[in-house]
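These notes are about the structure you will find just below.
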Amino acid sequence: MDTFPGRILVAAGWKPGFSSDNDAVLLAERFGAKMVINLSNIEKVYTDDPRKNPNAKPIDRISWLDFRKMVGDDWVPGKNTPFDPIASRKAEELGLQVICAAGKNLSNLEKIIKNEDFIGTVIA
């Protein structure tokens, strides 16, 4: 079995009205992390909502500048974005890399952790 030389902090939202994305970024800042893995119900970030736009295209890699143009600057609880705008602004300031991937695909998560080819979107 391969070993992972790093440390992993697993966290989730803790209080209604606060974004779990923002919580993750604040924890990354607190513990000096360079990466946040955001596991959710989507495999990748898309150019638009694929449920509403059949022409939406999956994105493998995107800059913070381009990502933030897509999601805007305002966040309210329940807003449907791949990574919340407030957390995105802070992650950009910190120089964090965020990976958005599907939470149910555990073999893909293992690939992310092992720095192997994976299915997801890198925001950096």
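The values are calculated or read from the model by the stated rules, or taken from the named source; none is laboratory data. Values in this document were obtained by computation on a predicted structure and should not be read as measured data. Here the Cβ positions follow ideal geometry from the backbone for every residue, glycine too, while neighbour counts run over all protein chains shown.
A few comments on the model shown:
- Yes/no for Glu116 being acidic (Asp, Glu), in a helix (DSSP H, G or I) and surrounded by fewer than 16 Cβ atoms within 10 Å (Cβ to Cβ): no
- Residue in the stretch 76-97 that is more than 25 Å from Val10 (Cβ to Cβ) and either in contact with a Ser or Thr (Cβ under 8 Å, 6 or more places away or on another chain) or at pLDDT below 95 (or both) present: yes
- Every condition in (1) more than 26 Å from Gly6 (Cα to Cα); (2) in a helix (DSSP H, G or I) is met by Asp48 except one, and the failing one is (2).
- Out of Asn38, Asn55, one residue alone is among the polar types (S, T, N, Q), over 13 Å from Leu94 (Cα atoms) and not in a loop (DSSP other than H, G, I, E, B). It is Asn38.
- Of all residues in the stretch 24-63, those satisfying the criterion of being without any contact (Cβ under 8 Å) to a residue 60 or more places away in the chain and either aliphatic (A, V, I, L, M) or surrounded by 10 or more Cβ atoms within 10 Å (Cβ to Cβ) (or both) are Leu27, Tyr46, Thr47, Asp48, Asp49, Pro50, Asn53, Ala56, Lys57.
- Trp75 meets all of the listed conditions (1) touching a residue at least 24 places away in the same chain (Cβ under 8 Å); (2) over 21 Å from Glu43 (Cα atoms); (3) surrounded by fewer than 18 Cβ atoms within 10 Å (Cβ to Cβ) but one, namely (3).
- In the stretch 93-113, the residues that are under 18 Å from Leu65 (Cβ atoms) reach residues that are hydroxyl-bearing (Ser, Thr, Tyr) with C-beta atoms within less than 6 angstrom, at least six apart or across chains, in these pairs: Cys100/Thr121.
- Scanning the stretch 42-63 for any residue that is aliphatic (A, V, I, L, M), modelled with pLDDT under 95 and farther than 19 Å from Leu9 by Cα turns up at least one such residue.
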